[in-house]
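The structure appears right after this line, and notes come after that.
The values are calculated or read from the model by the stated rules, or taken from the named source; none is laboratory data. Just so we're clear, the structure is a prediction, and the values are computed from it rather than from any experiment. When we count neighbours, we look across all protein chains shown, and the Cβ atoms used for this are built from the backbone with ideal geometry, even at glycine. For the accessible areas, the whole protein counts, side chains as well, though only heavy atoms, and no ligand, DNA or RNA atoms are used. Shrake-Rupley method; radii C 1.70, N 1.55, O 1.52, S 1.80 Å.
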Amino acid sequence: MNSIGDSNAPGDGMYVVAVKEQPKQTRLMCNVKDGEVNGLGASVGSDDVPGAGPVMADINGGKLYQQSVLDRGNWKLPFRWGVIGTVEPSVARVTVSYGGATSQAALDHGWFVAAGVLNQQVTVAPRIKGYDADSKLVYDSDEDKNHEKRLP
């Protein structure tokens, strides 16, 4: 996913996110600029917190949907955003709404990913909804006490 530089990390680049489900859930996230890897982050094992719902956004995924706190109220637009996280097998569909648009997430082996383009400055984090096979809402990030709803 293309990334836009901001005051904290100038220069454009590309975010790369890789996941695997076996033998343990593993996630790697980094930014590549001019062929150099920056901001490498990885986790092994579940990030689930006690009482987490059937959908959970990656705890370190904020860098995919927000620009630097230093640029609060003055983001470079348009801004390509993404959200990644985990889903339980009972979840058949996930949507992510951000900046007035809604994207359908791709689901694969217990992971979800959604992306879109933000054309306006926002102050609220992406809203994530999960649905079961009968299209019943089983998760809403607005109802999740562990999901940060405001941007820093």
So which residues in region 136-152 are surrounded by fewer than 13 Cβ atoms within 10 Å (Cβ to Cβ), modelled with pLDDT of 90 or more and in a loop (DSSP other than H, G, I, E, B), if there are any at all?
Lys136
Based on this model, can you work out whether Asp34 counts as modelled with pLDDT under 75, among the acidic types (Asp, Glu) and open to solvent by 30 Å² or more (accessible area, probe 1.4 Å)?
no
The residue that is surrounded by the most Cβ atoms within 10 Å (Cβ to Cβ), considering only those in region 112-135 that are polar (S, T, N, Q) and at pLDDT below 95, is Gln121
Can you pull out the residues in region 102-123 that are of a type outside the set (Val, Ile, Thr) and in contact (Cβ under 8 Å) with a residue 24 or more places away in the chain?
His109, Gly110, Trp111, Phe112, Ala114, Ala115, Gly116, Leu118, Asn119, Gln120, Gln121
Tell me which residues, restricted to region 80-100, are assigned to a strand (DSSP E or B) and β-branched (Val, Ile, Thr).
Val83, Ile84, Thr86, Val87, Val94, Thr95, Val96
Can Gly62 be described as modelled with pLDDT of 75 or more, outside any strand (DSSP E or B) and surrounded by 12 or more Cβ atoms within 10 Å (Cβ to Cβ)?
yes
Residue under question is His109, and the condition is that it be exposed (fewer than 14 other Cβ atoms within 10 Å of the Cβ) and under 27 Å from Lys20 (Cα atoms); does it hold?
yes
Regarding Val55, is this residue closer than 30 Å to Glu143 by Cβ, at pLDDT 80 or above and either over 16 Å from the mean Cα position of the chain (by Cα) or open to solvent by 40 Å² or more (accessible area, probe 1.4 Å) (or both)?
no
Has region 37-48 got any residue that is within 20 Å of Lys149 (Cβ to Cβ) and modelled with pLDDT under 95?
yes
Restricting to region 13-31, name every residue that is surrounded by 13 or more Cβ atoms within 10 Å (Cβ to Cβ) and outside any strand (DSSP E or B).
Gln25
Restricted to region 65-101, and to residues that are touching a residue at least 60 places away in the same chain (Cβ under 8 Å), in contact with an Asp or Glu (Cβ under 8 Å, 6 or more places away or on another chain) and open to solvent by 50 Å² or more (accessible area, probe 1.4 Å), which residue is farthest from Arg127 (Cα to Cα)?
Leu70
